[in-house]
Amino acid sequence: MKIPVEPAEAFRLTPGKRVLFLTKDPELIRRQLAGEDFRMEDIDPADLLDDVNTDTMTPAWVCFRHRPEDLARDAYAGLIVEGERVVPTDALRDGNFEVIVAGVRKGVGSSRETAVQAEKWSGIRMSVAASFAPIHGQNLINQGVRLGTYDMVARLQKGEEIPFDEFLEGHDPITREIIRAGGLFAFGKALREGRASVPAPDTSERPMTMAEKIIGSHLLDGPGYVKPGDAVVARVDGGYSHEFTTAQVHTFLADEFGEDYALPNPDKFAVFEDHLIYADGVPRMAPFGDQIQTLRDMQVAFQRHTGVRDYSATNGVSPGICHQVAREDFIDPGDFIQATDSHTCMGGGSNALAYGVGTTEYAALIQAGFTLVRVPESIRFELTGALQPGVTAKDVMLYILLHYAKPQKTLNRVMEFGGPGLFSLSMDERATLANMATECSARTGICEADDETVRWILARRPGADEAAIRAQLVAPDAGAEYTGGVHAIDLSAVEPMVAHPGDPDRGIASDPTNGELVSNLSTVQIDIAYGGSCTAGKRDDLDMYARVMRAAHEAGRRVADGVRFVIQFGSTDVERYARDKGYLEVFEATGVEIIQPGCGACIGCGPGVSETEEQVTVSAINRNFKGRSGPGRLYLASPLTVAASAVTGYIAAYREGMFLEVSAPA
């Protein structure tokens, strides 16, 4: 399976080919699929669909097909309105479309490159949007798909051709060479054959942010200074893939370098069996059992072929979610980590620079040992004060999503967290801040380090060299420049937050006088409460669930009738911790369902997914895109709010003593 290469030449619409406008009105999309054509001058960009997420482009069940030509058949299968697919099977492929047009932040969500492949193998040669989520935009470039503008669409529809050089505008020198070559693998081949080169950075000494310092220390030609926009080649300290993505990595490497390909540093990288560990138990995943097993088998083959670290399940039990286990086992301060999942940024809680990439980019970097980086801009959050009782880091991130991510202040930037307020948070809570940077459409998140950072790592790695770890700690330089600005957040002013179904940035706060959520959310009856995922399956999260359920038990309460409360551990370490603390007995006594580590319901592949559109879930996962965790409506909340809601039967923020009061809604 060779990736088709888009030649470096002017672009024009092929005779008979069309433009598809993804509009907020689904009927307009259906009319285009049926053969009607619209023109750019007749489309108001405000009417185009914003935040088209990768779950919409390729839902989990589509990703079970690792061959792009197969998954392309169900491109945009997740675009569902009133229970009906807007884009039926084969509709995009059979519609003769070459250009697809969307609104702002196209490609938000996961790093799944299948979203790009579904478009490309359906015939799409140009993707157009007001802005792109960073990983998705890079995936498009890596696959050789042109990134265009609304003006280009209008010109194409008038019969004009777009000169090739226009597609290079605004890109760094390395990205221009990738575009010129027609994609990342083609560029890599040109680099190996001496037909392309990588210019050395010429940035002079300057104060740097944490991300800039880590990139500067990893330059292939030795440490140096970098600034935003610099295109550099950097060494990668480690990375990982999971059974959702490894099959494509294996296939791409075999196709590009031959069946006997080898990795230069396999001990730096790992595979995890975590995402699909419970897929067999979800009824709606049953039809895809053979495809899922193929993905598992191909990951085993990849691990045996390459010798990378093996985190496969033992007796059906996963060691844990890759992001949680990676921070426990091998991510250190100052590391540069790349992996095939958008929540790789969770490693930033440990003072590392970590972010997700597509399968093409990952395959290229593990084979080479280095990767191409455009130094990102940074935005700093200076945290002060301390959280009030009942408020968590998840609430802080929902606050940031509402006030900073929604207006695109975090887009494609590194979210740097620091200040005395940060150090009032535990390492697990800091990991939550870094984890949800991807929901902000940021490049990643990174936290400053302190003694607690070192203590936490040493507690999990007996024999680790404390001096070596301290030597790797990274702090921003005085005078570092933040293109996105420096924003002060008083943690004591943050209230419990909940995000409405559909998008993590649709947040609302609670009324601090009584814990009832505004907009009458106390009238929202729930069917499912879910606690787990990389965001909310850590030790501290289990502390929170147990705190609420112990209070409920002492008040003679338990999980409300008609509600299913599922808690899933983030790793076997977290499970042992909960067992040693006596939490399992509390959960059993109060009607909580406990399941082994894994991703599960967060990606629609485990207990806790909704089964009907009428069901309502309150969940501590990281994103709530429609259909991601079942067809029902899903509210995002903190572990405390999720547990409290499980007991009351409706969405409610947790307050001490609340279960001793009359708590049924009016």
Restricting to Cα pairs under 8 Å and 6 or more apart, the percent relative contact order of the chain works out to 13
To the nearest 20 debye, the stretch 353-407 has a Cα-centred charge dipole, built from +1 on Lys and Arg Cβ and -1 on Asp and Glu Cβ, of 60
FRET efficiency (Ala468, Leu220; Cβ distance; R0 22 Å; to 0.05) is 0.45
Between the modelled labels at Arg39 and Ser197 (7 Å from Cα along Cα→Cβ) the distance in nm is 4.7
Rounded to the nearest Å, the spacing of the alpha-carbon centers of the stretch 567-646 and the stretch 75-140 is 29
Env charge @ Arg557, Cβ radius under 12 Å, K,R +1 / D,E -1, value -1
So, with points 7 Å from each Cα along the Cβ direction, the Asp165-Arg206 label distance in nm works out to 2.6
Around Leu33 (Cβ within 12 Å, Cβ-to-Cβ, excluding Leu33; K/R +1, D/E -1) the net charge comes to 0
Contour minus Cα-Cα span, Thr294 to Asn96, at 0.36 nm per residue, comes to 68.2 nm
PRE zone check, label point 7 Å out along Cα-to-Cβ of Ala589, amide N under 19 Å, scope the stretch 640-655, hits 643-644, 646-648
Most exposed first, judged by fewest Cβ atoms within 10 angstrom, Asp51, Asp543, Asp37, Asp44 run Asp44, Asp37, Asp543, Asp51
If every Lys and Arg gets +1 and every Asp and Glu gets -1 at its Cβ, then about the Cα centre the stretch 498-666 yields a dipole, in debye to the nearest 20, of 240
Output ordering of 608-617, 23-32, 140-149 (per-residue mean of other Cβ within 10 Å, highest first) is 140-149, 608-617, 23-32
Phi angles of the stretch 237-245, converted by Karplus (6.51 cos²θ - 1.76 cosθ + 1.60, θ = phi - 60°) into ³J(HN,Hα) in whole Hz with x for Gly and Pro, give 7, x, x, 6, 9, 9, 5, 7, 10
Computed over the stretch 1-109, the relative contact order (Cα-Cα under 8 Å, seq sep at least six) in percent reads 38
Highest mean packing first, using Cβ neighbours within 10 angstrom, the peptides 212-224, 94-106 sort as 94-106, 212-224
Quick note, the stretch 18-192: a/c under 1.5 would make it rounded; otherwise a/b > b/c is prolate and the rest oblate (a ≥ b ≥ c, C-alpha gyration tensor); here it is oblate
So, with points 7 Å from each Cα along the Cβ direction, the Asp450-Ala286 label distance in nm works out to 5.2
A chain fully extended from Asp511 to Asp580 at 0.36 nm per residue, minus the present Cα-Cα distance, gains in nm 21.3 nm
Taking a straight Cα-to-Cα line shorter than 30 Å from Lys227, and setting aside same-chain lysines fewer than 8 residues away, one finds Lys106, Lys189, Lys213, Lys268, Lys406, Lys409
In the chain, taking the dipole from +1 charges on Lys and Arg beta carbons and -1 charges on Asp and Glu beta carbons about the Cα centre, the listed residue (Phe330, His171, Asn624) farthest towards the positive end is His171
Summing -39500 (n - 2.57) over every DSSP H run of at least 4 in the chain, dividing by its residue total and rounding to the nearest 500, the 222 nm mean residue ellipticity is -8500 deg cm²/dmol
Of the candidate values (1) 28.3; (2) 27.0; (3) 25.1, the one computed for Kirkwood radius over Cα pairs in Å from this structure is (3)
Here the FRET efficiency for Glu656 versus Glu82, based on Cβ atoms and R0 = 45 Å and rounded to 0.05, is 0.60
To the nearest 20 debye, the stretch 18-192 has a Cα-centred charge dipole, built from +1 on Lys and Arg Cβ and -1 on Asp and Glu Cβ, of 740
Applied in sequence order to the stretch 564-573, the curve 6.51 cos²θ - 1.76 cosθ + 1.60 (Karplus, θ = phi - 60°) yields integer Hz couplings, x standing for Gly and Pro, of 9, 10, 10, 10, 10, 6, x, 6, 5, 4
The relative contact order of the stretch 234-288, taking Cα pairs under 8 Å that sit 6 or more residues apart, comes to a percentage of 46
Karplus ³J(HN,Hα) for the stretch 170-184 (6.51 cos²θ - 1.76 cosθ + 1.60, θ = phi - 60°; Hz, whole; x = Gly/Pro) runs x, 9, 6, x, 5, 4, 4, 5, 5, 4, 4, 6, x, x, 5
Among beta bridges assigned by DSSP with both residues in the chain, the antiparallel ones amount in percent, to the nearest 5, to 25
Here FRET efficiency (C-beta to C-beta, Ala555 to Ser492, R₀ 30 Å, nearest 0.05) is 0.60
Per the rule of 0.36 nm per residue minus the C-alpha distance, extending Arg31 to Thr384 adds in nm 121.8 nm
Ranked output for segments 443-454, 296-307, 546-557, 55-66 by mean other Cβ atoms within 10 Å, highest leading, reads 55-66, 443-454, 546-557, 296-307
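All of the numbers you see were taken from the coordinates with simple rules; none came from a lab. All figures in this text were calculated on a predicted structure; none of them were measured in a lab. A quick note on method: Cβ atoms are made from the backbone with ideal geometry, for glycine too, and the neighbour counts reach across all protein chains shown.
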